Amino acid sequence: MAIDRRKFLGNTGLLAGAAFLLPAMNSCGGTGAGKSKRSGKGLKLSFEPYELQLKHVFTIASFSRTTTPVMLTKIEWDGIVGYGEASMPPYLGESHETAAKFLSSLNLRQFSDPFRLNEILSYVDAVAEGNCAAKASIDIALHDLIGKLLEKPWFKIWGYNQENTPLTTFTIGMDKPDVVIEKVKEASPYKMLKVKIGKGTDEEMINTIRKITDVPLCVDVNQGWKDKQEALDKIHWLKEQGVVFVEQPMDKHNFDDMAWLTQHSPLPTIADEAIQRLDDVAKLHGVYSGINIKLMKCTGMREAHKMMNVARSLEMKVMIGCMTETSCGVSAAAQLSPMVDWADLDGNLLISNDPFKGIEIVGGKVILPDRPGIGVIKI
């Protein structure tokens with residue numbers, strides 16, 4: 001039965017409110033409480049700017065780039081260090097300057113117990129609006145620290161089975177056919193590809209890829225399609241080409257056309273630019289089939305975990321994604337991967353200067369390290 005979107009949206013305030021009534025995450029238990037009393041010192045935050053170098057020019061429907069600015073963070077407590085990261089592609093509106101300003105404004109020294117996770121992250125979120133990637137860098141570092149104190153990786157703290165991790169897609173950006181062929185050949189170990197389209201070369205991109213591989217594809221349109229009927233026609237054609245879902249086909253503000261498209265589409269539609277934080281999830285029910293959760297947009301692991309649970313309660317599909325990031329950010333996101341439908345965790349694979357070692361991809365499948373915290377090692 002088709003969902004009456006307008007009728008549903010009348011109740012989204014209730015659902016959004018209910019999202020915040022989910023039980024507070026208290027994964028640390030008695031063991032953590034005991035360890036947290038070892039030190040009376042406050043949390044020590046430090047950070048440094050870093051520039052990711054992409055292996056190839058990265059092109060989507062609206063822009064191209066060869067680098068991504070990130071801010072690498074550390075939170076130290078009682079001699080243990082947790083690592084975090086803020087990845088800030090320009091379209092998010094954050095930069096080295098904004099992140100440094102925000103992080104410099106924080107006073108984490110006031111917190112002498114890192115296990116007061118919700119209190120600390122609520123404080124960080126309230127210091128200033130926006131700055132979601134910078135906030136995510138604190139969230140990730142704090143989760144890493146707590147996991148190390150508990151001597152457990154977060155997928156185990158959450159109770160997830162690491163054997164249930166999905167395949168990850170490998171992203172093929174828009175380019176000339178010969179370059180696309182080169183990229184696809186480099187991606188031969190991966191069992192599913194994510195193809196950037198939406199700039200007038202959709203069929204050329206797909207046909208070029210299909211000349212050399214028959215692996216399942218998903219497509220990311222990045223809001224590139226403007227007409228809902230044309231979009232539906234393209235989705236029918238894409239289904240015939242072995243595409244399994246379509247990410248952000250139309251403008252993120254165009255709720256009515258997206259709801260119509262989702263209702264008629266033979267493939268699931270996944271929100272990306274249209275979804276950011278927890279209170280967005282219920283608003284998109286009936287508009288998209290599912291959501292793509294990214295730590296850099298939602299402020300980190302704590303909120304991503306809540307978003308996943310709310311989406312599941314609404315019977316929506318869930319994808320865990322990333323920006324171009326180091327293995328720090330990608331490995332943090334991967335802690336949720338055993339519970340999602342799809343993963344797009346290739347951001348670290350697209351760069352040439354990764355300062356961390358974290359998750360691995362074997363046969364296209366996400367392999368979570370058994371190391372504590374988010375599972376990364378600084379190299």
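The values are calculated or read from the model by the stated rules, or taken from the named source; none is laboratory data. Predicted, not measured: the structure shown is a model, and the values here were computed from it. Every residue, glycine among them, receives a Cβ derived from its backbone with ideal geometry; neighbour counts consider all protein chains shown. Accessible surface is based on the protein model in full, side chains and every heavy atom, while ligands, DNA and RNA are left aside. Shrake-Rupley method; radii C 1.70, N 1.55, O 1.52, S 1.80 Å.
Which shape class applies to region 198-352: rounded if a/c is under 1.5, otherwise prolate when a/b exceeds b/c and oblate if not, where a ≥ b ≥ c are the square roots of the Cα gyration tensor eigenvalues? Because a/c hits 1.5 or more and a/b fails to exceed b/c, region 198-352 counts as oblate. Rounded to 0.05, the FRET efficiency of the S122 and K239 pair, given R0 = 51 Å and the Cβ-Cβ distance, is 0.70. Among beta bridges from DSSP that stay inside region 272-379, the antiparallel ones total about 40%.
Which is farthest toward the positive dipole end of the chain among G373, I140, W260, measuring Cα position about the Cα centre, with Cβ charges +1 (Lys, Arg) and -1 (Asp, Glu)? The listed residue farthest towards the positive side: G373.
Between G300, V221, Q241, the Cα set farthest toward the positive side of the dipole of region 213-342 (charges on each charged residue's Cβ, about the Cα centre) is that of G300.
Within the straight-line cut-off of under 16 Å between alpha carbons, the aspartates and glutamates reachable from K41 are E76, D78, D113, sequence neighbours fewer than 8 places apart in one chain being disregarded. From the Kirkwood radius over Cα pairs of region 272-325, Stokes-Einstein at 20 °C and 1.002 mPa s returns a whole-number translational diffusion coefficient of 198 µm²/s.
How many percent of all Cα-Cα pairs in region 52-107 sit more than 13 Å apart? So the portion of pairs separated by more than 13 Å is 69 percent. Using 0.36 nm per residue and subtracting the Cα-Cα separation, the extra length available between Y91 and R312 on full extension is 76.7 nm.
In a reduced charge model with +1 at each Lys and Arg Cβ and -1 at each Asp and Glu Cβ, region 287-354 shows a dipole moment near 280 debye about its Cα centre.
Multiplying each eigenvalue of the alpha-carbon gyration tensor of the chain by 5 and taking the square root yields semi-axes of 34, 24, 18 Å, largest first, rounded to whole angstroms.
How would you classify region 153-288 from its alpha-carbon gyration tensor, with a ≥ b ≥ c the square roots of the eigenvalues: rounded for a/c under 1.5, else prolate if a/b is greater than b/c, otherwise oblate? Verdict is oblate for region 153-288.
Can you grab the distance from the C-alpha centre of region 236-286 to the C-alpha centre of region 163-215, Å, no decimals? A separation of 20 Å, based on Cα centres. Here the extension length gained between K211 and K176 equals 11.2 nm, from 0.36 nm per residue of separation less the Cα-Cα distance. Size descriptor for region 57-147, Kirkwood hydrodynamic radius: 14.0 Å (Cα pairs only, one decimal).
Average accessible surface for the chain: 41 Å² per residue, computed with a 1.4 Å probe over protein heavy atoms with every protein chain in place. Applying a DSSP loop filter and a limit of 14 other Cβ atoms within 10 Å to the GluC sites (Glu not before Pro) in region 272-323 leaves E315.
Does anything in region 334-357 have its amide N under 17 Å from the 7 Å Cα→Cβ label point of T67, and if so which residues? In region 334-357, the label zone of T67 (backbone N under 17 Å from the point 7 Å along Cα→Cβ) covers 351-355.
Shown is the FRET efficiency for S112 and D370, computed with R0 = 35 Å from the Cβ-Cβ distance and rounded to the nearest 0.05: 0.75. The alpha carbons of region 102-199 stretch over 56, 34, 17 Å along the principal axes, in descending order. Relative to the longest principal axis of the Cα atoms of the chain, the long axis of helix 228-240 lies at roughly 90 degrees. Modelled spin-label separation between N353 and L54, with each label point placed 7 Å from Cα along the Cα-to-Cβ direction: 1.6 nm.
Think of the chain as having a plus end and a minus end, set by charges on the Cβ of Lys, Arg, Asp and Glu; of F58, F111, V362, F111 sits farthest toward the positive end of this dipole.
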